[in-house]
Amino acid sequence: MVNYGGDEVSALVVDIGSSSVRAGYAGDDTPKAVVSSYYGYKTTAGDSDAKLYLGQHGPSIWREGMEIGNPWRDALIFDFNPIPPLISHALSDIMHANPSEHPILVTEPAWNIAANRERMAEIMFEEFQVPAFYIANTGVLNAFAAGKGSALVIDVGHSVASITPVVDGFVLRKGLVYSALPKLVHAHAKHVLTTPTPTRGSIDLYPHQLIASKIPVEPSASPRFALREDRLAGTTESWRTWYETREVDEWIQTVAGVLDQGWNEQVAAARPPRQYEFPTGFNTSFGPERFQVGEEFFYHSPQLVAQNPNLPKNIPTLLSESLRACDPDLRQVLMGNVVLTGGGSLYTGFADRLENELSRNFSHVKIHAPGNPIERKYGAWLGGSILASLGTFHQLWISREEWQEHGKAIVGQRCK
Amino acid sequence: MASGVSVSSECMEAFRSLKLSRKHKYIIFSLSADLKTIVPVKTSAEQDYDKFVGDLPEDECRWAVYDFEFEKDSAKRNKICFISWSPDSAKIKQKMLFASSRDALRRSFDGIAVEIQGTDYSEIAHEAVLFKANSSSR
Amino acid sequence: MNVRAADLRSALSLPATAHSQSHPRKPTAQSSKKPEGISRELYALIGPSAPSLSLAANLAKPRLKQKPNFGGRGTTKWEWRPFRPPARGDSLQLEYSFAKYDVRPAKYTYSDEEYSALLEDNGWSKEETDYLFDITHEYDLRWYVIHDRYDFLGGPPRAIEDLKDRYYSCCRKLIRSRPWSGDEATKSQLLNNYQFDKEREKMRKNYIASLEERTQEEVAEEEALFIELKRLEQNERRFRKERDELLRTLLGIESGLPDIVAEEEGPVPLSADSLKKKKKGTMDVDFPSTPTNVVSLGPPATKRPQSAKAAVYDEKHCIMRVEPPASATTKTTHVPVHLRSLKLPNLKGTIAPKVTEALAEVGVRYPPRLVMPTRENCAKTESLLDATTALIDIKKIVDRVDQDIRVLRARLGLRESAGTDGDVRESMQMDIDESKDGSTNKEGEVDGRAQSVVSTRSGRGRKQSRRSMSVSSIDTSASTRTGTKRQKRG
């Protein structure tokens, strides 16, 4: 609790990811608001103050000519314009909190650039008029939330997989590596679904918003559905990409897995297949291909590598790059304290596979992977929530006065 | 990034009497009830290492300083170990609190030769500590 | 201050020295002895030659957090890094109490004059040195973090060791040059806290890195070799034990005739025995290959503990040892470091006092203490011992034969009951007595007789062994054979 103007006021914690913005009160176990980072907008008049469609009634509602945007690009916030509306939506609309009354802790990726964190501070102090601000590193928060001052944090998110060495609460930037691996995995999953197999054709990824009616069909039978022809013409390319992404994600979360011992055709075939039904009514069971998807995290076939020179690095490659950049003395400590986090790591078998990959090259490997999916998905938010709830933490807040006195420079000084 | 928790003078005194007058074999530290200061919760001259391990609660975080004695090359050696005990089964709030406060305590002590992050009993078992103690005196 | 030392030590992976931990029960004298099992080289690095030692003695009274006082100059002072400014008024008090117990290492700063007088370095500009000091203080000497954040524009890439080396060497120079109000011991202790051996650290790091870069196969091979080594060591210990037992048994038996094998120069053809040993990988390493390698100094030694001591002695007195020529034998592959003097045959059992006695008669002390245990002297001493031993053995045989003759004669006399051959017996006895007396009294004859005995023995060709002492050669080969058999069984 922070003493502000005589009343005890909870701090707010905001964790902005590429898939969602998590916001809530410090001290809570889960974020009160989880808002999609994707937003809808229309490019009608070309004015910059165009209305953004956010949250539950945002991208998921079909609107004629609505485009979909996302502030993130290449693992950094690229477009800050939608950030205030997104935060405001989470804090004011959903939580009914007044940001000007609460200190606010925002998270940032370990590779964030100074300009971005300063911009974030500026938004908070100038637009939201917050009394105090702190920006905390997700890598360190995840390490701390796992009870570790020194750890190797493997964070597999929605669009970025990163490995962050943390020592005594500091990120070792030279050992920090990341790639757009989840996007590759996603692309592979989409490829699996849309490529015909001997037993089925290409799968349509239409969302329910575009389906007028459907009739239940036998497993693996061709779907029988009617499209909302009235909507097809008004559907933008970006919205189509967005819903297809969502459909694929949904499928991945329900069906996909990773073989814990590495790729093996027999083992994959021996695993029970999983049933999945698409919005079109098409339903089938997925066998070995559901493990092929997760395999992309750990292994890329030589052909794939040959065809794509800029292929995102897989986990073993990232790991060896990260460790190579770390002092030899540190490697043992880091390998004994691996923290696995991020919603993208929730594949069945992911943690086991990781452990096997690591144990092959290192002795004394220990992986901390919270079994609780909330902790795994919102690890950084939770860490920030606990930290910001501490009475003693208020020494670290950048106060409004300090911001006014020192300006942007204070951010880098305080939030090391 | 730190919690801002402070270290009580009792911690320093307890550590001094472990290090200099060797009154204690180990000290166990925790956070005060208001979560604002780190305080020693137990000092002991018990020589049995297992007793020390037994003093670390199964699902709560602690810090400990242990005057570890071992033989190397048939010579007796002592190393002061700093142990961060953060069992997997502890509540996430405690883990976060202890991990973010650790540095304050650790940096108040000089002469720590071995640092251990323990999340289960195997990591703080005598052999594990011995291994670290040995390898840190190469 | 001690934080510094501890950090350094942990960074260097050095054992905490007596002074940092102030353990009263670690007396200085104790540590000057080389502990068993450490290699001499390593011990020289971490052992008594380490500068910390001289300080340890001065630290009977433990000091905590002593802050050196640099006295008068005034241009530079110790300064605490400014503590985090309070974010809010109400936190001020809290921070104060926090700061009070927040032990931070002292920070060095330097003036421009000091820099140009002391700290100039071709590899470092003043700007970069300033930067280094700033960042080092900013991150409280967390070197991993400092190295990670280190980014001096236009500067060359720096390894973590480079940074530490520059920082600590600057600090040392500053300490040395500034007026010191305390005693010398405190000063050298402080200096010692700032010691940093860059090359050694780099070597250690490279070693760790190379360990990690081993391939799976290499690791497996190494493990296999290690197990094999352990096994061999175990076998060796067993052989030695068995041989020792055998030695004792053999020497205890009256009939056990020591048999002396002459030194043969030049390479010896591989015997079937030694070939087998080689194949098996058995290391028969207890004795050096040739007697010329054996030097005497002090009592012949038994086994390891003494040789470890001897190695220290060796080190202290700068004694260089020469490896025996590799061609001299088939067993040179694994001869451990030893003193020639320690490899002198160890006389055992009943024969030792007799040798002592015999040597005393000619004015030689046993066990022999050579002032200059050169290879030659040792060889001579050894041949003297051999000769004496042989002589005593011959005497023993003669005595026994004499006795036998006497007994037989007596029987014969009884049987034939003739008194005519009495003087014959007399004269024979006289002869034998004379020869015995002569041999012990006249040195010149000792050699001659010994030689003759030697040649008879080698003529018989009972053993292929090239050892000077026949007893040991018998035993070695015997135990080796046993060992080989066991190995097969195992």
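How many Cβ atoms of partner chains, on average, are near each residue of A:405-414 if near means within 10 Å of its Cβ?
Working: counts 0, 1, 0, 0, 0, 1, 0, 0, 3, 4.
Average per residue, whole number: 1.
Within the range A:211-237, which residues have the backbone N less than 17 Å from the label spot 7 Å out from residue A:43 along Cα→beta-carbon, could you tell me? Those under the cut-off are A:234-237. Placing a pseudo-label 7 Å from each Cα along the Cα-to-Cβ vector at residue A:363 and residue A:321 gives an inter-label distance of 3.0 nm. Think of each Lys and Arg Cβ as +1 and each Asp and Glu Cβ as -1; about the Cα centre, that makes the dipole of chain A roughly 840 debye.
Under the simplified labelling scheme, the residue C:153-residue C:245 pair shows an inter-label distance of 8.0 nm, with each label point 7 Å from Cα along Cα→Cβ.
When only the Cβ of Lys, Arg, Asp and Glu is charged (+1, +1, -1, -1), the dipole of the range B:6-136 relative to its Cα centre reaches about 500 debye. In this rough spin-label picture, where each label sits 7 Å from Cα along the Cβ direction, the residue A:113-residue C:356 distance is 8.9 nm. Summing Cβ point charges (Lys, Arg +1; Asp, Glu -1) relative to the Cα centre of the range C:103-212 gives a dipole of roughly 420 debye. Relative to a virtual label point 7 Å from the Cα of residue C:223 in the Cα→beta-carbon direction, which members of the range A:328-352 show backbone nitrogen distances below 19 Å? Once the point is set 7 Å along Cα→Cβ of residue C:223, A:332, A:336 turn out to lie under 19 Å by backbone N, inside the range A:328-352.
Ranking C:225, C:239, C:251 by how far each Cα lies toward the positive end of the dipole of the range C:214-253 (charges on Cβ) leaves C:251 at the top.
Please give me the summed charge of the neighbours of residue B:43: other residues whose Cβ is under 14 Å from its Cβ, Lys and Arg +1, Asp and Glu -1.
Numbers: positive: B:16, B:19, B:22, B:23, B:25, B:42, B:51, B:62; negative: B:10, B:13, B:46, B:55, B:67.
Net of charged neighbours comes to +3.
Across peptide B:85-92, the average count of Cβ atoms from other chains found within 10 Å of a residue's Cβ is 4.
Between the beta carbons of residue A:81 and residue A:217, assuming R0 = 56 Å, the FRET efficiency works out to 0.80 to the nearest 0.05. Report relative contact order for the range C:103-212 in percent, whole number only (criteria: Cα-Cα under 8 Å, sequence separation at least 6). Answer for the range C:103-212 is 25 percent. The mean sequence distance of close C-alpha pairs (under 8 Å, at least 6 residues apart), as a share of the length of chain A, puts its relative contact order at 20 percent.
Amide H contacts under 5 Å for residue A:26: A:11, A:12, A:13, restricted to partners 5 or more places along the chain or on a different chain, H placed in the peptide plane at 1.01 Å from N. Averaged per residue, the range B:6-136 has 37 square angstrom of accessible surface, using a 1.4 angstrom probe with ligands and nucleic acids left out.
Based on Cα contacts under 8 Å between residues 6+ apart, the range A:183-296 shows a relative contact order of 33 percent.
Across the options B:65, B:82, B:20, the greatest Cα extent toward the positive end of the charge dipole of the range B:6-136 (unit charges at beta carbon of Lys, Arg, Asp, Glu) belongs to B:20.
The calculated FRET efficiency for the pair residue C:209 and residue C:411, based on their C-beta separation and a Förster distance of 60 Å, comes to about 0.10. The helix-based estimate of mean residue ellipticity at 222 nm for chain B, built from -39,500 (n - 2.57) per DSSP H run of four or more residues and divided by its residue count, is -9000 deg cm²/dmol to the nearest 500.
I'd like to compare A:219-232, A:97-110: which one has the highest average count of other Cβ atoms within 10 Å, and what's the full order after that? It would help to have the intermediate numbers written out before the result.
Values: A:219-232: 13.2, A:97-110: 22.1.
By packing density, highest mean first, the sequence is A:97-110, A:219-232.
Stretching residue A:195 away from residue A:372 to a fully extended chain increases their span by 60.3 nm, per 0.36 nm per residue minus the current alpha-carbon distance.
Rank A:122, A:218, A:289 by mean-square fluctuation in a GNM of chain A with C-alpha springs under 10 angstrom and give only the top-ranked residue. Maximum among the listed residues: A:218. With springs connecting C-alpha atoms under 10 Å apart, model chain B as a Gaussian network and identify which of B:58, B:115, B:127 has the largest mean-square fluctuation. Greatest mean-square fluctuation among the candidates belongs to B:127.
Adding -39500 (n - 2.57) for every DSSP H run of four residues or longer, then dividing by how many residues chain A holds, sets the calculated 222 nm ellipticity at -9500 deg cm²/dmol. Applying 1/(1 + (r/R0)^6) with r as the Cβ-Cβ distance of residue B:70 and residue B:44 and R0 = 30 angstrom yields a FRET efficiency of 0.95. Among A:288, A:279, A:309, which one shows the highest mean-square fluctuation when chain A is modelled as a Gaussian network with alpha-carbon springs under 10 Å? Among A:288, A:279, A:309, the largest mean-square fluctuation in the Gaussian network model of chain A belongs to A:309.
Could you tell me which of the pairs B:23/B:79; A:377/B:93; B:19/C:173; B:19/B:42 are separated by over 20 angstrom between their Cα atoms in the structure shown? Please report the intermediate quantities before stating the final value.
Numbers: B:23/B:79 15 Å; A:377/B:93 16 Å; B:19/C:173 30 Å; B:19/B:42 15 Å.
Beyond 20 Å between Cα atoms: B:19/C:173.
Working note: Karplus 6.51/-1.76/1.60 with θ = phi - 60° gives the range A:223-231 the couplings x, 10, 9, 10, 7, 7, 4, 4, 8 Hz, where Gly and Pro are set to x. Amide H contacts under 5 Å for residue A:224: A:215, restricted to partners 5 or more places along the chain or on a different chain, H placed in the peptide plane at 1.01 Å from N.
The values are calculated or read from the model by the stated rules, or taken from the named source; none is laboratory data. Fair warning: this is a prediction, and the values are worked out from it, not measured in the lab. Positions of Cβ are backbone-derived with ideal geometry, glycine not excepted, and every protein chain shown enters the neighbour counts. Heavy atoms of the whole protein, side chains included, go into the accessibility calculation; ligands, DNA and RNA do not. Shrake-Rupley method; radii C 1.70, N 1.55, O 1.52, S 1.80 Å.
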